[in-house]
1. Give the number of residues within segment 26-83 that are aliphatic (A, V, I, L, M) and at pLDDT below 60.
2. Residues in segment 1-19 that are among the β-branched types (Val, Ile, Thr), surrounded by 11 or more Cβ atoms within 10 Å (Cβ to Cβ) and free of Cβ contacts under 8 Å to residues at least 12 places away in the same chain: how many?
3. Kindly provide the set of residues from segment 1-15 that are in contact with a helix residue (DSSP H, G or I) (Cβ under 7 Å, 6 or more places away or on another chain) and either acidic (Asp, Glu) or not in a helix (DSSP H, G or I) (or both), ordered by number.
Amino acid sequence: MSTLEKKLDNLIAQQDHIQPEDVTLEHIREQRRKNPLYAENEYDTSSRYGGYVRTNARLLTQLQTHRMVIAAYKFLADFTRKK
């Protein structure tokens with residue numbers, strides 16, 4: 001388990017008043033089911049990058065997607081230049 005995963009487990013455990021070893025995928029799913037924010041919005045990440053909220057039905061155009069990919073590559077290129 002990575003340091004980030006351990007930190008996230010500790011934060012979730014602290015918030016939910018449980019032990020870090022009790023933070024499981026089942027626990028997270030149960031908490032989402034109880035949360036009205038998740039109950040109102042049905043997320044579908046099976047077929048679109050990043051998913052979308054069906055109730056809003058907002059999809060990116062091909063041009064928007066292309067611009068986002070270019071922006072991401074430019075952002076990542078900054079790290080290679082900083083060495």
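The values are calculated or read from the model by the stated rules, or taken from the named source; none is laboratory data. Every value quoted in this text rests on a predicted model; they were computed, and no experiment measured them. Every residue, glycine among them, receives a Cβ derived from its backbone with ideal geometry; neighbour counts consider all protein chains shown.
1. So the count comes out to 2.
2. Residues meeting the conditions: 1.
3. Asp9
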